[in-house]
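Heads up: the structure comes next, in structure tokens.
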Amino acid sequence: MGKVLFRKRWEELLNLRKDQDAILLPHIRARQRLKQETQSKREEDNGNPVSSSSSKDYVLSYVDTLLDLQLPEEKRKLNEGEMVTLCSEFLSAGTDTTSTALQWIMANLVKSPHIQARLFEEISGVVGEDEEEVKEEDLLKMPYLKAVVLEGYDIPKNATVNFMISEMNWNPTIWENPMEFKPERFLNNNGDGDHGVEGEAFDITGSREIKMMPFGAGRRICPGYGLAMLLLEYFVGNLVWNFEWKAVEGDEVDLSEKLEFTVVMKNPLQARLSPSKDGDMGLQHHHLPLCSALLEPQCDFIFPKLNSPLGPTTVPLVGNFLWLFKSFAELVQQ
């Protein structure tokens, strides 16, 4: 029905698909050639560790897993169109949603300076005062950073799932004070946060027990959850390590929601930043206004409340087609 009522928009959506093919197919094919060349090199070297140094530097990528994937029922590999679709979904779901989650996390850190100070102290103990950047390998040593990220990552009621994710995320019988920004709850497996064990990782995949599932669980868990968590921890760690975040004078951070394709901040985060050097969060610096576009989400991530809307408004016969097009159209413009 949408093809008939909104023919022009449907054609634009098809043009978007052509753009995806034009952008992603050359990269997929280039990766396929590199993979074949590396495999041939290994066969020529016959496993010689001295002469196969180039193949040792080969890093397995997401595209590699798609190239190797065998569909058991159809007994075939993925075609190029299917790989383009999966890569597009992986990139959009793993980056647009992450940028929105990052804004929500930083907004809560601005409103909770004691949590921000504790996070800075943890980063300082791991990285060292002379280092300018929090590196990927440092993230594994920062359980409180992971707890801060998990505390700001939620899924709303009546999302497109087959069970009530949000009821679990906000259930007071599972989580103590679920509406409070309290990263300590993720330092142990009890959910109370009062006696968290430093360094003990919370199971976000649901393999041990299920208390929240922002990425789903089981065989159908989101394939991009590793990328999303890595990006969030990396950026939050570096933003807190390099700057002290405060609210703009006379402007309280507003955590109100705005319904787009998903729920984003109604008023994008604006904050005042001061460089954090020598581990002194109290030093006086020239404050720099944070341009709201720095962290403005490209597409979507969800930060619900119990009384938040159930989802985008549907149109009879068309459903959520208009919302879907709006999101895709914004991506094309970007």
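Rule-based calculations on the coordinates, nothing more; no lab input. Here the structure is a predicted model, which means the values were calculated and not measured. With ideal geometry, Cβ positions are generated from the backbone for all residues, glycine too; neighbour counts draw on all protein chains shown.
Nearest 20 debye, what's the magnitude of the dipole of the stretch 87-152 about its Cα centre given +1 on Lys and Arg Cβ and -1 on Asp and Glu Cβ?
Charge dipole of the stretch 87-152: 420 debye, to the nearest 20.
Take the Cβ atoms of LEU16 and GLU133, set R0 to 35 Å, and the FRET efficiency comes out at 0.45.
With a sphere of radius 14 Å drawn around the Cβ of THR85, what net charge do the other residues whose Cβ falls strictly inside it have (Lys, Arg +1; Asp, Glu -1)? Here the count lands on -3.
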